[in-house]
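*Asks:* Before we start, here is the structure in question, set down as structure tokens.
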Amino acid sequence: MVFMQFNASSLRVLTLIAVLLGPVSGPGALSQNLTDTKSIQSSTYLHPYSVSSLWNSRPVDPVFSTDVIPKSSYFPLIAEGAYSTGVFVASATDKPMTVVGFDSNAFDVEGVADPDVGGARVIEIPRWPAGVVPASGTDGHADIVDPISKTIHSFWKLRQVNGRWTASLYSWSKLSGTGWGDPAHYYQGARAVGIPASAGLIRKHEINDGLPTYTHALAMSLPHNALSNGVTSPAYVFPATSADGSLSGNTGSIPQGALLMLPPSFDSSAIVNPDLKKVVETLKLYGAYVVDRNVGTPFVIYVENGSGFKLMRNGWDSKIASQLDLIRANLRQVTSAQDWVGNDGKSTLPAIKAQKNMNILSMRGPWSKKSGTATANYDTVTQSLQFSATTTKTVHVNINNTGLTRVKWAAPAAGTYVKFAVTATGGAKLRLEVKTNGIVVYDSKDLANGESQCFKWPIGASLTLIATSGTSGGSSVKAELAPSI
């Protein structure tokens, strides 16, 4: 299983009463204000993620690259369908569900891949709504939003077999989070870039809400001839934390995670189809993030399954097709921006900068017992190592370097200072050894809850974690390793 390889594949917001006014900054700015920003309820099933999330932010005075999305086998597409997803909301009365792995021969109860734990496990979802229908394509996407735990459960290749739910991959993210992975918890959904398939989706309740744009960035996939192979340009860029695992067939230059926008000069006056017009105005205001790869379509913008969204309601429309191709020819990657503005009208640039300097250390295993009697297991919800109750000091060791981030843009530069800070319960402690070429260049010794140290990051760092339990029942430990600012 290659965790990074995925091929792409009515409710109404009562208080979303807003109109678009003039630009936030000087002439040419793409960002605009919403008059009733407080009416947009962020971190909800209807409008996920924090108000400072890049999904809910608009760039001010963006700078564009010159790269153009090339033509491919088909015309561009804005649609629901086999490689989009449904979004299903759980309630307090829903029953729990167990999701297991599956192969062509037999159920494999260990077989649902979970990149955050670095292996496979049985998935227990506490509240499973009725009517979950995975997308019909081979990706089998389905996202379940649990507003009680404020969690989005995201599945790849979800299907029901002989009365049991099975999947090939599961990841979760916070409903109130950024909508992207972070350097430690790098995989938070079933798209190639490590986000839920519902992130950036055109939702069914938004299509006819009366607003001139969608109030968030959109989700887009590109084909092989548009995407970078990771050699001449990065395979993925911030805020993406992953990319498709099979990059060798890519021949383009656009990385996954890139924000593509239409420039402010793009003339949309000839577009009379209201559904296409709304997408175009959104592409000029928020843009669309490249989240996956497709086969043969210059770009796909994803719409929630079951929405009834259809650009060409009366069959093939060559005028709409030509307008889609014109959009393709004018979309450009945003390389920088003067600022970013959230739906509350405030700058989100500080939050974006903080996201780039987040924790790079995970407590995922495998862990091996060195001494003592307690068991130790990584808990993905708390991102901590949990020791079973014991009265005897127990030591578990991770010598595999699995905790160090694999996110390339997050790796510290050699010679810069980082801070190692421990959070523990029940008297547990954590020790960090950093090696270069097999030689220990830093040793924190055992640190207890609230203790921290700063040290200079070496070249070619490899980590060993040594966790020691408390001796008065259950205990836990986790740590942050982040730039020392």
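The values are calculated or read from the model by the stated rules, or taken from the named source; none is laboratory data. This one's a predicted model, so the numbers in the text were calculated from it and none came from an experiment. Here Cβ is always computed from backbone atoms with ideal geometry, including for glycine, and neighbour counts include all displayed protein chains.
*Asks:* Is at least one residue of the stretch 90-99 part of a loop (DSSP other than H, G, I, E, B), β-branched (Val, Ile, Thr) and out of contact with any Lys or Arg (no Cβ under 7 Å at 6 or more places or on another chain)?
*Replies:* Taking every residue of the stretch 90-99 in turn, at least one turns out to be part of a loop (DSSP other than H, G, I, E, B), β-branched (Val, Ile, Thr) and out of contact with any Lys or Arg (no Cβ under 7 Å at 6 or more places or on another chain).
*Asks:* If you go through the stretch 387-398, how many residues are surrounded by fewer than 21 Cβ atoms within 10 Å (Cβ to Cβ) and either part of a strand (DSSP E or B) or small (Gly, Ala, Ser) (or both)?
*Replies:* 5
*Asks:* Please determine, by comparing only the residues of the stretch 206-226 that are in contact with an Asp or Glu (Cβ under 8 Å, 6 or more places away or on another chain) and in a loop (DSSP other than H, G, I, E, B), which one is surrounded by the most Cβ atoms within 10 Å (Cβ to Cβ).
*Replies:* Filtering the stretch 206-226 for residues that are in contact with an Asp or Glu (Cβ under 8 Å, 6 or more places away or on another chain) and in a loop (DSSP other than H, G, I, E, B), the one surrounded by the most Cβ atoms within 10 Å (Cβ to Cβ) comes out as 215.
*Asks:* May I ask you to say which residue of 230, 181, 257 is surrounded by 24 or more Cβ atoms within 10 Å (Cβ to Cβ) and at positive phi?
*Replies:* On the way: 230 fails: surrounded by 24 or more Cβ atoms within 10 Å (Cβ to Cβ); 181 fails: at positive phi.
From the options 230, 181, 257, the qualifying one is 257.
*Asks:* I'm told residue 25 meets every condition in (1) at positive phi; (2) among the small types (Gly, Ala, Ser); (3) modelled with pLDDT under 75 except one. Can you identify the failing condition by its number?
*Replies:* The one condition residue 25 does not meet is (1).
*Asks:* Among the residues of the stretch 166-205, which ones are part of a loop (DSSP other than H, G, I, E, B), in contact with a Gly (Cβ under 9 Å, 6 or more places away or on another chain), more than 24 Å from residue 309 (Cα to Cα) and of a type in the set (S, T, N, Q)?
*Replies:* Scanning the stretch 166-205 gives 168, 188.
*Asks:* Of all residues in the stretch 33-64, count the ones that are at pLDDT below 50 and of a type in the set (Lys, Arg).
*Replies:* From the stretch 33-64, those at pLDDT below 50 are 33-38; that's our starting set.
Pick out the ones that are also of a type in the set (Lys, Arg) and you get 38.
Adding up the residues that qualify gives 1.
*Asks:* Also: I'm trying to understand the selection: among the residues of the stretch 419-474, which are among the acidic types (Asp, Glu) and under 18 Å from residue 368 (Cα atoms)?
*Replies:* Across the stretch 419-474, the qualifying residues are 433, 446.
*Asks:* Taking the options 176, 198, 171, name whichever one is crowded, with 24+ Cβ neighbours inside 10 Å and farther than 24 Å from residue 333 by Cα.
*Replies:* Among 176, 198, 171, only 171 is crowded, with 24+ Cβ neighbours inside 10 Å and farther than 24 Å from residue 333 by Cα.
*Asks:* May I pose another question? If you take the residues in the stretch 266-294 that are in a loop (DSSP other than H, G, I, E, B) and in contact with a Ser or Thr (Cβ under 8 Å, 6 or more places away or on another chain), which one is surrounded by the most Cβ atoms within 10 Å (Cβ to Cβ)? Talk me through it step by step, then tell me what you get.
*Replies:* Looking only at the stretch 266-294, we keep the residues that are in a loop (DSSP other than H, G, I, E, B), and these are 266-273, 286-287, 294.
Narrowing further to those that are in contact with a Ser or Thr (Cβ under 8 Å, 6 or more places away or on another chain): 286, 294.
Working: 286: 27, 294: 22.
Only one residue fits best here, namely 286.
Conditions (1) more than 27 Å from residue 242 (Cβ to Cβ); (2) modelled with pLDDT of 95 or more; (3) out of contact with any Phe, Trp or Tyr (no Cβ under 9 Å at 6 or more places or on another chain); (4) in the same structural domain as residue 58 (by TED's automatic domain parsing), marked per residue:
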{"position": "347", "(1), (2), (3), (4)": "yes, yes, no, yes"}
{"position": "385", "(1), (2), (3), (4)": "no, yes, no, no"}
{"position": "390", "(1), (2), (3), (4)": "yes, yes, yes, no"}
{"position": "443", "(1), (2), (3), (4)": "yes, yes, yes, no"}
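*Asks:* Looking at 379, 339 in this structure, which one is in the same structural domain as residue 120 (by TED's automatic domain parsing), under 27 Å from residue 178 (Cα atoms), surrounded by fewer than 20 Cβ atoms within 10 Å (Cβ to Cβ) and under 27 Å from the mean Cα position of the chain (by Cα)?
*Replies:* After ruling out the rest, the residue left standing is 339.
*Asks:* Considering only the stretch 332-379, give the strands (runs of 3 or more DSSP E) lying wholly within it that have at least 2 residues that are among the hydroxyl-bearing types (Ser, Thr, Tyr).
*Replies:* Counting at least 2 such residues, we get 332-336, 368-371.
*Asks:* Among (1) under 19 Å from residue 260 (Cα atoms); (2) of a type outside the set (A, V, I, L, M); (3) in the same structural domain as residue 395 (by TED's automatic domain parsing), there is one condition residue 325 misses while meeting the rest; what is its number?
*Replies:* (3)
*Asks:* Of the conditions (1) part of a loop (DSSP other than H, G, I, E, B); (2) over 21 Å from the mean Cα position of the chain (by Cα); (3) modelled with pLDDT of 50 or more, residue 30 clears all except one; give me its number.
*Replies:* (3)
*Asks:* Hey, among 358, 363, which residue is within 30 Å of residue 464 (Cβ to Cβ) and crowded, with 22+ Cβ neighbours inside 10 Å?
*Replies:* The match here is 363.
*Asks:* Output the number of the condition that residue 245 fails; it satisfies all remaining conditions of (1) part of a loop (DSSP other than H, G, I, E, B); (2) buried (at least 19 other Cβ atoms within 10 Å of the Cβ).
*Replies:* Failing condition for residue 245: (2).
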